[in-house]
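The values are calculated or read from the model by the stated rules, or taken from the named source; none is laboratory data. Keep in mind the model is a prediction, meaning the values are calculated, not measured. Here the Cβ positions follow ideal geometry from the backbone for every residue, glycine too, while neighbour counts run over all protein chains shown.
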Amino acid sequence: MATSAFPASRSRPAPANAAAGNPQGSITYVLSDSALQSLPAVTSNCVALHFQFVPVNSKSPPKSFEFSSKSADSLKEEEELVSIAIAMGDSKANSVVLLLEYLSKRLVVDYLKKLFADRTVAKVMHDIHRAAFWLKAYGLVFVQLAKCVDLQLLYENTVDREELRADILQIAAHCSSELNMAHTAESFKAKVKAVDVAAWSRRPFLTSVLITQLETAKLYLQCYEKMEAACNASMQGAIDFFTYGTMTSDRWTNAIENQGHHAIWFDSARDNQPRSLECLAEVAYKKLFVFGSSALSLDLPKLELQCELEPLLKLLPKEYQDAIRAIDKYPAKLVDICIDVGRIPYVFIGKRQREVLMQDGSTVSKETIDEILRKLGGEMRIGNDNRAGIDRQLHRISVMRSKTDEIYGLTMRVGRALRNAACALTDLLLSERHSSKSVLVLGHPGSGKTTLIRDVARCVSETMENVCIIDTSNEIGGDGLVPHACVGWARRMMVRSLEEQASVMIECVQNHTVETLIIDEIGRKAEVLAASTVRQRGPRLIASAHGDFRALIKNPDLKGLVGGSQQVLVGDAAAAKSTNKNKLQTQRAGNPIFDVIVELDHVMRGQCRIIWDVAKAVDCVLGGQNYSFETRQWDSTTRGVQVLK
């Protein structure tokens, strides 16, 4: 029988071809403002809401059932909220489907505000991040959530603390083992099928498409009832609507602030295990009432930019200093100062943002270069790598030389420390579970590798661990005998020349009882071999390298960091299973030196991709498949650490 479309009438029983999937006896399809205004008050003591999102102009539409969908990994993809399904706990009451394109935004907001604030009705939802962010744009700004429960939070808090983003199928599978559901999780999963966007763009809507939303909402109700019964039967007692209502309300607020993304923080009482931000905030609330803590909410650290520009600016002529100070917000913006003989001096204050220092067109003289070098301490301060620094500062001065070894140009890079930059990696750096894992930080130039490495050194060393930095160009700890305070308790070994870095790495392990060895940049084959030697001797390695993950696998000098690659001849059966069907296959040659890779985004500051299983990821890339990673965002605008994927 062909799938029917629902008529323009406001209310009717589900059509015969969909009756088996009808979660309640009748369905009210709300197509007009008058129909919305005339909806009767909710009489059920419990309802479930399902928010249906549909991609706009997407080539890869989602499943028609939202059962299989995990919340949007990124809201950068265009999507829209098309309908809201409300399933009633009372079998005699009509279920409701709000079709938003036909309805006034103001009336929809008024209806939801009234429903959310009703203390006589429990509201069950699942993964409210997108809905909160989308409905804010719809006009739902100041909302009171009374007796609202997000099933994800309930599942995380009562079933599995390590599962922060449980999809509805996971929750249903947990519940269906003891609950005789009308539809089991397996039967729902069997019905999941892809639909193209045309099914949602068709008018009138297909009845079967809308009924699946109500089946989803009904599943929310069934899971909630089962979990409520389990709580009643256990030592936990009945579901506390104050606790879960507060957590759900916090999630709604956080989702708006984090643009619809899930936020986490780390539970220091449980080995820095990642938890949903709202769950840890709930622990803080309990401390307030039980122990009289003065903290009203979870106290999160803030990013603190540490930069002392004066020692660098004092090297420059006064007219250059004045021109730099005239730049708006120069302490935060200034990146590089470029001074070349015979050319106009200029600075970079961001990507492709150049500002000249002399508006009258005056050029740099050789005497100006010589005077800057004199203030720096003379040419003897410049190392074999053509770099120099300022005592106990993070700034770097690099020189350009002629063929006769004469200095004619200076690049003065502003060094900054960003305290708490490593907070996004707290579980990776500090938990016992990951304490033996070596970490490689990848990124393009200017992506923030050194800034992150500095705070990693501080973060790990403050745990009483013996941390040592191999500081080849004094870029991590700054110039001079005493390292900059930003590295915490970490010690550092200086390297006289780039060629000696590999031998100093091994010397450090042999002589200084190191538990964690930090190297700012591995860029040559000798350092790869040294890293392998160090790893075999026991210490944890934390290092950085240029590039991205796929490029690293192809780099002939550095691919050993992730196990290397080799070509092998496979049999017919193995070739048939491969992506390219070729008998000559490229496979990983050995075990990676680094267990985890943190890849920094060179466009989005504060965003990183964590590859938790490097060996498996390398195998996937060599096999022509996609690899798994987790994307996190941590900057001054986020509440907690956003988990994007």
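Within segment 350-386, restricting attention to residues that are of a type in the set (S, T, N, Q) and modelled with pLDDT of 90 or more, which residue is surrounded by the most Cβ atoms within 10 Å (Cβ to Cβ)?
As a first pass, look at segment 350-386 and keep what is of a type in the set (S, T, N, Q): 353, 359, 362-363, 365, 368, 384, 386.
Adding the requirement that they be modelled with pLDDT of 90 or more leaves 353, 359, 362-363, 365, 368, 386.
Details: GLN353: 10, GLN359: 8, SER362: 13, THR363: 12, SER365: 12, THR368: 18, ASN386: 14.
This residue is THR368.
Look through segment 439-498, keep the residues that are of a type in the set (Ser, Thr, Tyr) and part of a loop (DSSP other than H, G, I, E, B), and return whichever of them is nearest to the chain's Cα centre (by Cα). So that I can check it myself, show each step before the final result.
The initial filter retains those residues of segment 439-498 that are of a type in the set (Ser, Thr, Tyr), namely 447, 450-451, 461, 463, 472-473, 497.
Subsequent filtering for residues that are part of a loop (DSSP other than H, G, I, E, B) retains 447, 463, 472-473, 497.
Values: SER447: 16, THR463: 24, THR472: 31, SER473: 31, SER497: 37 Å.
The qualifying residue nearest to the chain's Cα centre (by Cα) is SER447.
Can we say GLY606 is crowded, with 20+ Cβ neighbours inside 10 Å, among the small types (Gly, Ala, Ser) and touching an Asp or Glu at 6+ places or on another chain (Cβ under 6 Å)?
Working: crowded, with 20+ Cβ neighbours inside 10 Å: yes; among the small types (Gly, Ala, Ser): yes; touching an Asp or Glu at 6+ places or on another chain (Cβ under 6 Å): yes.
When the stated conditions are applied, GLY606 passes them.
Return the residues of segment 470-493 that are farther than 13 Å from GLU521 by Cβ, buried (at least 17 other Cβ atoms within 10 Å of the Cβ) and among the aliphatic types (A, V, I, L, M); say none if nothing qualifies.
Within segment 470-493, VAL487, ALA490, MET493 meet the criteria.
From the list ALA576, ALA617, which one is over 26 Å from HIS546 (Cβ atoms) and small (Gly, Ala, Ser)?
Details: ALA617 fails: over 26 Å from HIS546 (Cβ atoms).
Testing whether each residue is over 26 Å from HIS546 (Cβ atoms) and small (Gly, Ala, Ser) leaves just ALA576.
Go through segment 145-206 and tell me which helices (runs of 4 or more DSSP H), entirely inside it, have 3 or more residues that are at pLDDT below 75.
Numbers: elements: 151-158, 168-176, 185-191, 197-201.
Where helices (runs of 4 or more DSSP H) fall fully within segment 145-206 and carry at least 3 residues being at pLDDT below 75, they are 185-191, 197-201.
Report, by residue number, each residue of segment 31-74 that is under 38 Å from the mean Cα position of the chain (by Cα), outside any loop (DSSP other than H, G, I, E, B) and either of a type in the set (A, V, I, L, M) or modelled with pLDDT of 90 or more (or both). Show your work before the answer.
Let us first name the residues in segment 31-74 that are under 38 Å from the mean Cα position of the chain (by Cα), namely 45-74.
Now restrict to residues that are outside any loop (DSSP other than H, G, I, E, B): 46-55, 63, 66-68.
CYS46, VAL47, ALA48, LEU49, HIS50, PHE51, GLN52, VAL54 - these are the residues of segment 31-74 that are under 38 Å from the mean Cα position of the chain (by Cα), outside any loop (DSSP other than H, G, I, E, B) and either of a type in the set (A, V, I, L, M) or modelled with pLDDT of 90 or more (or both).
How about segment 366-392: which of its residues are in a helix (DSSP H, G or I) and either assigned by TED's automatic domain parsing to the domain that holds PRO483 or of a type in the set (D, E, K, R) (or both)? Write out each step before concluding.
Residues of segment 366-392 that are in a helix (DSSP H, G or I), as a first pass: 366-376, 379-381.
Hits for segment 366-392 are LYS366, GLU367, ASP370, GLU371, ARG374, LYS375, GLU379, ARG381.
State all residues of segment 230-255 that are at pLDDT 85 or above and not β-branched (Val, Ile, Thr); if no residue qualifies, say none.
TYR244, GLY245, MET247, SER249, ASP250, ARG251, TRP252, ASN254, ALA255
When residues of segment 98-141 are filtered for being among the charged types (D, E, K, R) and touching a Cys at 6+ places or on another chain (Cβ under 8 Å), how many remain? Please lay out each step first, then the result.
Our first condition is that a residue be among the charged types (D, E, K, R); within segment 98-141, this holds for 101, 105-106, 110, 113-114, 118-119, 123, 127, 130, 136.
Then keep just the ones that are touching a Cys at 6+ places or on another chain (Cβ under 8 Å); that gives 123.
Residues meeting the conditions: 1.
May I ask you to say which residue of ALA457, ALA485, ALA490 is in the same structural domain as LEU552 (by TED's automatic domain parsing), more than 30 Å from LYS351 (Cα to Cα) and in contact with a strand residue (DSSP E or B) (Cβ under 9 Å, 6 or more places away or on another chain)?
ALA490
If I ask for residues that are assigned to a strand (DSSP E or B), of a type outside the set (Val, Ile, Thr) and at pLDDT below 80, which ones from segment 573-600 would you list? Write out each step before concluding.
The first filter runs over segment 573-600 and keeps only residues assigned to a strand (DSSP E or B), leaving 584-588, 596-600.
Subset that is of a type outside the set (Val, Ile, Thr): 584-585, 587-588, 599-600.
LEU584, GLN585 - these are the residues of segment 573-600 that are assigned to a strand (DSSP E or B), of a type outside the set (Val, Ile, Thr) and at pLDDT below 80.
Among the residues of segment 399-417, write down those that are within 34 Å of the chain's Cα centre (by Cα) and modelled with pLDDT of 95 or more. Explain how you work it out, then say what you get.
Taking segment 399-417 as the starting set, the residues that turn out to be within 34 Å of the chain's Cα centre (by Cα) are 411-417.
Those that are within 34 Å of the chain's Cα centre (by Cα) and modelled with pLDDT of 95 or more: THR411, MET412.
Restricting to segment 393-437, what's the tally of residues that are touching a Cys at 6+ places or on another chain (Cβ under 9 Å) and in a strand (DSSP E or B)?
7
Could you identify the single residue in VAL335, VAL341, VAL347 that is of a type in the set (A, V, I, L, M, F, W, C), surrounded by fewer than 18 Cβ atoms within 10 Å (Cβ to Cβ) and touching a strand residue (DSSP E or B) at 6+ places or on another chain (Cβ under 7 Å)? Give the derivation first.
Working: VAL341 fails: surrounded by fewer than 18 Cβ atoms within 10 Å (Cβ to Cβ); VAL347 fails: surrounded by fewer than 18 Cβ atoms within 10 Å (Cβ to Cβ).
None of the others qualify; the one that does is VAL335.
Are any residues in segment 83-102 buried (at least 19 other Cβ atoms within 10 Å of the Cβ) and over 24 Å from GLN222 (Cβ atoms), and if so, which ones?
LEU99, the sole residue that qualifies.
Working carefully through the options ASP322, ASP336, find the one that is under 18 Å from THR451 (Cβ atoms) and modelled with pLDDT of 90 or more. Explain how you work it out, then say what you get.
On the way: ASP322 fails: under 18 Å from THR451 (Cβ atoms).
One residue alone meets the criteria, ASP336.
Per-residue answers, yes or no, for (1) of a type in the set (Phe, Trp, Tyr); (2) buried (at least 24 other Cβ atoms within 10 Å of the Cβ); (3) more than 27 Å from the chain's Cα centre (by Cα); (4) within 30 Å of ARG632 (Cβ to Cβ):
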| site | (1), (2), (3), (4) |
| --- | --- |
| SER201 | no, no, yes, no |
| PRO204 | no, no, yes, no |
| CYS223 | no, yes, yes, yes |
| MET227 | no, no, yes, yes |
| ALA233 | no, no, yes, no |
| ILE239 | no, no, yes, no |
| GLY245 | no, no, no, yes |
| ASN254 | no, no, no, yes |
| GLN259 | no, no, no, yes |
